[in-house]
Amino acid sequence: MTEHTLFTRIIEGEIPCYKLYENEYVFAFLDINPLSKGHTLLVSKEPAPSIDHLSQDSAAAIGKALPILSRAIKEATGAIAYNIIQNNGREAGMTVPHVHFHIIPKYKESKHVFTWEPKALDATEGKSIADAIQLSLNE
Ligand code: 5GP
């Protein structure tokens, strides 16, 4: 039985949405609280709570759908640019624990920003974290 997240209920038509696209693995619709005109959510039908739990088939389908949707959104809205944002975990800003990507168009007049405060990578830390991640990848 499919786990009933909010997005599963939208996918199954229990909750109405402005649907844009659907195939065997993914479903796309307009965000109910858009940051800009055309703000879209691309959701995996598989109700994985974060991307590290997602199957390779669903991940591949999302990878294929993102450029298709992005092109259509750009063309239909006249956006000059767009951000693709994907949150995983409540602490990272995820409010619906079901894998989804935001496609957020940017217009000349857009004011929305994503806070980003980068610091230069420390060489010692860079080496140790790269080693640790490579080790996990090889497990
Ligand atoms: P998150 O914060 O988890 O990355 O994004 C969840 C998104 O889902 C939010 O941008 C929110 O506006 C959107 N959302 C929440 N509930 C609904 C709903 O019932 N319908 C639609 N279309 N979007 C929703």
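Observations, loosely collected:
Every residue, every condition in (1) surrounded by 12 or more Cβ atoms within 10 Å (Cβ to Cβ); (2) among the basic types (Lys, Arg); (3) in a helix (DSSP H, G or I), yes or no:
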site: THR8; (1), (2), (3): yes, no, yes
site: LEU20; (1), (2), (3): yes, no, no
site: GLU24; (1), (2), (3): no, no, no
site: PHE27; (1), (2), (3): yes, no, no
site: LEU35; (1), (2), (3): yes, no, no
site: VAL43; (1), (2), (3): yes, no, no
site: GLU46; (1), (2), (3): yes, no, no
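- Residue in the stretch 59-70 that is within 11 Å of the ligand (Cβ to nearest atom) and closer than 24 Å to VAL113 by Cα present: no
Per-residue answers, yes or no, for (1) over 24 Å from SER70 (Cβ atoms); (2) hydroxyl-bearing (Ser, Thr, Tyr); (3) assigned to a loop (DSSP other than H, G, I, E, B):
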| residue | (1), (2), (3) |
| --- | --- |
| VAL96 | no, no, yes |
| ILE103 | no, no, no |
| PHE114 | no, no, yes |
| ASP131 | yes, no, no |
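- Pairs, first farther than 9 Å from ILE104 by Cα and in contact (Cβ under 8 Å) with a residue 24 or more places away in the chain in the stretch 70-94, second more than 15 Å from the ligand (Cβ to nearest atom) and basic (Lys, Arg), C-beta under 7 Å, six or more apart: ALA79/LYS106; ILE80/LYS106; ILE80/LYS108
- Residue match in the stretch 42-62 (condition: in contact with a His (Cβ under 6 Å, 6 or more places away or on another chain) and either at positive phi or modelled with pLDDT of 95 or more (or both)): yes
- Any hit, the stretch 27-36, residues being within 16 Å of the ligand (Cβ to nearest atom), touching a residue at least 40 places away in the same chain (Cβ under 8 Å) and in contact with a helix residue (DSSP H, G or I) (Cβ under 6 Å, 6 or more places away or on another chain): yes
The values are calculated or read from the model by the stated rules, or taken from the named source; none is laboratory data. Since we're looking at a predicted model, the values are computed, not measured. Backbone-built Cβ (ideal geometry, glycine too); neighbour counts: all protein chains shown.
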